[in-house]
Every structure is written in structure tokens, then in C-alpha cells.
Amino acid sequence: MGGEAPEPRLLDRAMSFGGGGGVPEEALHLVLGYVDDPRDREAASLVCRRWHRIDALTRKHVTVPFCYAASPAHLLARFPRLESLAVKGKPRAAMYGLIPDDWGAYARPWVTELAAPLECLKALHLRRMVVTDDDLAALVRARGHMLQELKLDKCSDFSTDALRLVARSCRSLRTLFLEECGIADRSTEWLHDLAVNNHVLVTLNFHMTDLTVVPADLELLAKNCKSLISLKISDCDFSDLIGFFRMATSLQEFAGGAFIEQGELTKYGNVKFPSRLCSLGLTYMGTNEMPIIFLFSAILKKLDLQYTFLTTEDHCQLIAKCPNLLVLAVRNVIGDRGLGVVADTCKKLQRLRVERGADDPGLQEEQGGVSQVGLTAVAVGCRELEYIAAYVSDITNRALESIGTSCKNLCDFRLVLLDREERITELPLDNGVRALLRGCTKLRRFALYLRPGGLSDVGLGYIGQYSGTIQYMLLGNVGETDDGLIRFALGCVNLRKLELRSCCFSEQALALAIRSMPSLRYVWVQGYKASQTGRDLMLMARPFWNIEFTPPSSENADRMKEDGEPCVDSQPQILAYYSLAGKRSDCPQSVVPLYPA
């Protein structure tokens with residue numbers, strides 16, 4: 001009785017997963033239909049062949065993290081009933097001018113091979129890809145009647161002619177996203193056609209493009225699309241948007257526009273934002289225009305001041321009136337004083353981005369931009385932070401330790417140490433990085449771009465040792481020798497994506513380190529001790545692992561861009577990635593495919 005050990009419970013795999021008495025087919029379809037996380041989906045698909053098949057039939061969304069990691073044909077065979085597809089193209093370095101324009105990442109095969117066969121496809125998201133007018137025409141022909149979401153994020157090579165076709169044909173479109181795309185502006189009729197033909201649009205974004213805005217078309221859009229919640233546009237004088245704001249009664253988010261005539265407050269005094277607006281990003285706003293948003297600043301949840309002309313004092317005054325901010329994006333002109341105001345005021349803040357501003361000292365905070373003082377204040381005062389990205393002029397171990405101690409919800413941390421100051425208070429940052437990683441146990445993404453001497457081999461080892469949850473990492477100017485890199489690699493058991501810049505490591509050490517990271521699926525490296533042929537990179541060769549080498553161009557080795565950075569082709573690059581598609585066929589002449597040969 002009480003003293004007898006109970007018999008062990010036996011789990012019959014056949015009864016549970018596949019046999020005649022197993023879980024009914026309909027039940028599995030229903031259960032997996034509620035599983036959205038791709039990692040959970042992947043785990044479920046490995047249970048048995050039956051679960052694998054049902055996962056394939058019920059998967060609604062897939063993100064292809066790199067367009068050469070799989071082929072459209074493989075994707076179609078694996079997931080024939082997709083409703084949503086996202087494909088990422090060029091490496092992130094393309095956003096900073098480090099990848100040649102002719103590098104590749106063409107959208108054509110993904111559109112031509114999938115648009116028609118994927119009969120359930122309602123949403124397409126392409127990021128950093130080359131998209132032509134013909135590609136968009138093929139998409140419209142195949143899916144225009146049911147397309148609800150089209151996101152072209154930092155894409156290039158298409159024109160407003162294609163947008164006009166989308167506007168005329170995709171009448172169920174709820175989201176059209178074109179931010180930072182390179183679009184040939186041939187006419188403004190696409191926006192008018194969108195306003196006339198679409199009555200269900202929720203989100204329209206062509207922010208940071210060169211597209212011309214006709215205010216009357218925006219007013220027509222607001223009149224016909226009562227569902228419009230988010231609008232981000234290119235430059236358009238705010239005095240011409242008064243009618244639009246009056247009609248867009250449901251608008252909650254706005255970014256773009258422009259205060260073109262600085263100091264003319266009388267011209268903009270009649271600008272009244274919709275009552276539901278809680279997310280705002282203004283362009284070219286100066287001190288005299290700030291009072292326009294004072295009346296509703298207390299209800300703002302998101303504020304983007306990256307493209308304004310505000311001083312440090314202006315930031316302090318404005319942010320002090322925004323106690324409910326969840327998201328804040330600024331330039332480092334905000335200074336430590338401004339971040340102190342953020343810490344005192346914005347107790348609910350979840351995301352903070354401090355971008356690099358102009359290098360003109362006259363536009364910076366008197367004390368020298370953002371340093372450990374401001375970061376420490378924010379860490380202590382804003383304990384709900386989940387995301388921090390900051391360009392700083394100075395940093396200390398204690399500041400990083402304070403982030404690790406206070407910001408327990410942090411999932412994404414990115415720090416760039418600028419080279420403006422001749423002397424940094426405290427280097428290396430080994431102990432601070434260790435404390436941050438040990439304290440922020442929810443981190444999934446981590447970026448650290450320092451100056452030479454910023455992190456020793458010991459510190460690099462700490463990153464490997466305490467990065468168990470991190471899946472993406474960018475490191476620059478870290479470590480001292482190959483030993484530090486190997487020590488780092490041995491600890492990165494879950495790292496899936498790695499980017500390295502300006503490092504001192506040998507080609508052989510890089511290959512051995514990459515081979516040592518079992519979960520790694522993608523690595524990009526620029527600036528290292530390279531050979532002319534990349535021969536030592538073959539040490540990481542293995543099945544399904546593509547290796548591409550871009551040798552340095554000897555004729556451009558000493559040539560610099562206008563901003564003082566080396567030219568794209570003056571430093572060697574490595575791109576290696578896991579692929580089921582094999583060797584790509586569209587490599588430019590500057591790229592040497594090493595494996596498969």
C-alpha cells in the first residue's frame with residue numbers, strides 16, 4: 001500500500017502520435033492551427049511523419065531569413081497553403097553602404113514561382129531585395145484579387161507605374177508598406193488611384209522615400225478609408241495637411257510631413273492633429289513648432305524625433321510633457337541631460353533608440369552627446385525597457401553593469417561607441433559586458449561595436465559564456481587574438497546569426513570558430529586578416545554550407561568615401577550560410593563562391 005513503489009507509467013508512442021487509436025486528424029489540425037511560434041512549429045514537425053505532414057498543411061506564415069537559404073520550389077513543396085510569406089535579401093550591411101548594388105537578392109524567382117501556386121497567399125513581405133515593375137505586375141496578376149498586405153522594406157528598382165497597378169488592382173489591400181525604398185517617381189497618380197479604389201486600407205507607409213505627395217489625394221484617402229489608422233509619408237508641408245488631419249478621424253499614427261518654413265508659427269498654427277493620435281514622428285521640426293504638439297503630448301505613446309532640428313533643451317522640454325511614452329527615437333543631440341529627463345518622466349518606456357547625429361559640435365550637447373551618465377540614468381529610471389540601441393561618445397563598465405542590474409526585461413541591446421572623443425573613460429569593458437549579459441537573461445539580440453581595445457580576449461570569452469539565449473549578434477572591434485575568438489565560439493551554442501566587423505582575427509581562426517558554433521545558420525564578416533584567395537575558409541566547408549568570399553580590391557585599398565569610411569570593396573568580406581538551394585547562380589564578379597565550387 002503506502003510503502004509500495006507505484007508502477008511506472010508507460011507511454012505508447014503509437015497511441016499518442018500515429019496508431020489507430022492516436023490523436024484524430026481533425027484534432028491535430030485544430031491544435032497546430034493555434035501554434036504560431038516558428039520554433040514550436042519546427043519542434044512539432046519533428047515528432048513524426050504525420051505531424052510533419054499536418055504542419056505543412058496548416059502552416060500559415062513562413063519567414064525565409066535569407067533568400068539564398070532555400071529555393072522557392074522547396075518552400076512550395078513544404079508549405080503549399082501559406083497565407084503569409086516574408087523573404088529577407090541582402091545582408092544588413094547593405095543599409096550602411098557596405099554591399100555593392102549589383103550584389104543580388106532578386107525578388108523575381110520568389111514572385112514568379114510562388115505567386116500563382118500559393119493559392120492562399122494574402123500577404124507578402126520582401127526586405128532589402130531588388131523588386132522590378134515586372135515582378136509587381138506578376139504578383140498583381142496572380143494574387144491581386146486577394147492580396148491584403150504588401151510590404152516592400154528597403155527594396156529598390158521599381159517605379160510608381162507598378163504602384164499604380166497595385167492601387168488599381170488590389171482592392172482588398174489593408175497594408176501597403178514602402179519605407180526607405182528606392183522608387184522611381186514617374187507620377188503621383190498611384191496615390192490618387194489608391195484613394196479611389198481602396199476603402200479598407202489600414203496602414204500606408206512611404207516614409208523616407210522621394211515620392212511626391214499631393215495633399216488632395218491624402219484627403220480623398222482619408223474620406224474613403226475610414227479604417228486608416230497609420231500613415232507615414234514623404235516630405236509634404238504641414239500647412240497642406242490641415243484638411244487631411246481634419247478628415248482622418250481614426251488616425252492613431254503619423255510620421256513624415258515637414259515644417260518647410262522654419263520659424264513661421266503663424267503658418268502652422270492651424271495644424272490640428274486627430275484626437276486619437278498617439279504615435280508621432282515629425283520632420284524638420286524646430287523650437288518654434290514644438291507648441292503644436294504640447295496639447296496632446298501627454299497621450300503620446302510613441303515619439304520619433306530623429307529628423308528634427310531640436311536642441312538638447314528642446315528635447316528636455318518636450319519629453320517632460322510625455323509621461324506615457326512606450327517608444328522613443330532620438331539623435332544623440334538629446335545628450336545626457338535629455339536622457340535624465342527621460343528617466344524621470346517616462347517610467348513606462350519599453351523601447352529607446354539614440355541614433356548618431358551630425359558630427360558638427362555646434363549641434364551637440366555641450367557636455368559631448370550621450371555617455372555613461374545618460375545610459376545609467378535611463379537604466380535606473382526606465383526599468384520596463386525591452387530594447388536599447390544607442391550611439392555613445394563614452395561608456396564605462398559601471399554603466400553596463402547598471403543596465404544588467406535594472407533592465408531585467410531587456411531582449412535587444414545594441415551599443416556603438418563613437419570615435420569622436422580622443423579618450424574613453426574606461427577600457428576594456430570586459431566586466432561591464434559580463435554583468436550586462438548575466439543580468440539580462442531575456443536577451444535575444446546583442447550588438448556591440450567598440451573601438452580598438454574596447455574588449456579583450458577575456459571579455460570576448462565572457463560574451464560566449466553568457467550568451468546562451470542570444471540568437472543574433474553583431475560585434476565590431478572586439479578581441480585581441482585568435483584565442484579570444486575561439487573561446488567566444490565555444491560558448492555560443494544557440495547563436496544563429498553572427499556579423500563581425502573590423503576584427504583582428506585570422507582567416508583560419510574565423511573558419512574554426514564558425515565550425516564550432518552548432519546552431520549557426522548565417523555569418524557575415526568584413527575586415528579581417530584575409531588571404532587573397534580565401535583558401536583557409538575551406539576549413540569550415542560542410543554539406544549544405546555555402547561560402548562566398550569577396551577579396552579586397554587592391555586598386556581601392558586606400559580610397560575612402562566622403563564620410564571617411566573605407567570604400568565597399570576595399571576590405572575583404574565573408575558570407576557563409578546554411579542553404580538547401582545549393583550554390584547561387586547570380587553572384588556578381590566581385591564575389592567568389594568557394595563552396596560548393
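A few notes on this one:
- Cα gyration tensor category, rounded, prolate or oblate, for segment 139-245 with a/c compared to 1.5: oblate
- Ranked order, Y106, Y577 - accessible area, probe 1.4 Å, largest first: Y106, Y577
- Anisotropy class of segment 248-338 from Cα gyration tensor, a/c 1.5 cut: oblate
- Here the label points at Q508 and K60, each 7 Å from Cα along the C-beta direction, are separated by 5.3 nm in the simple model.
- Relative packing of 23-29, 212-218, which averages over residues the other C-beta atoms within 10 Å, highest first: 212-218, 23-29
- Net charge of neighbours whose Cβ lies under 11 Å from the Cβ of M285, counting Lys and Arg as +1 and Asp and Glu as -1: -3
- Relative contact order (%) - criterion: Cα under 8 Å, at least six apart; region: the chain: 6
- Solvent-accessible area per residue in the chain equals 44 Å², computed with a 1.4 angstrom probe and all protein chains kept.
- Rolling a 1.4 Å probe over the protein heavy atoms leaves S406 with an accessible area of roughly 10 Å².
- Rg over Rh [alpha-carbon atoms, Kirkwood Rh] for segment 210-295: 0.93
- FRET E, pair C48, A86, Förster distance 30 Å, beta-carbon r, rounded to 0.05: 0.60
- Where labels lie 7 Å past Cα in the beta-carbon direction, separation of N431 and T469 in nm: 2.5
- Prolate/oblate/rounded call for segment 456-525, Cα gyration tensor, a/c under 1.5 rounded: rounded
- For T188, the shell of other residues with beta-carbons less than 11 Å away shows a net charge of -2, using +1 for Lys and Arg and -1 for Asp and Glu.
- Note on segment 303-342: Cα-Cα pairs beyond 11 Å make up 59% of the total pair count.
- Projected-area average for segment 88-156 over all orientations - Cα convex hull basis, square nanometres: 4.4
- Across all Cα atoms of the chain, the radius of gyration (one decimal) and Dmax (whole number) stand at 26.1, 90 Å.
- The simple Förster model, with R0 at 30 Å and r as the Cβ-Cβ distance, assigns N270 and I299 a FRET efficiency of 0.90.
- P(r) for segment 354-502, from all Cα pairs and a bin width of 5 Å, is 2, 10, 20, 24, 21, 14, 7, 2, 1, 0 %, short bins first.
- Additional length obtainable on full extension of the chain from K347 to R584, 0.36 nm per residue less Cα span: 80.4 nm
- Expressed as a whole percent, the accessible area of segment 469-542 that falls on carbon and sulfur atoms is 49 (1.4 Å probe).
- Rough spin-label spacing in nm, given labels placed 7 Å along Cα→Cβ, for E119 and M95: 3.9
- With R₀ fixed at 41 Å, the C-beta to C-beta distance from M146 to R438 puts the FRET efficiency at about 0.25.
- Seen from E384, the other residues with C-beta closer than 9 Å to its C-beta sum to a net charge of +2, counting Lys and Arg as +1 and Asp and Glu as -1.
- Apportionment of accessible area to carbon and sulfur, segment 408-450, percent (1.4 Å): 42
The values are calculated or read from the model by the stated rules, or taken from the named source; none is laboratory data. All figures in this text were calculated on a predicted structure; none of them were measured in a lab. Note that each Cβ is placed from the backbone with ideal geometry, even for glycine, and that neighbours are counted across all protein chains shown. When the accessible area is computed, the model is the full protein with side chains, heavy atoms only, and any ligands, DNA or RNA have been set aside. Shrake-Rupley method; radii C 1.70, N 1.55, O 1.52, S 1.80 Å.
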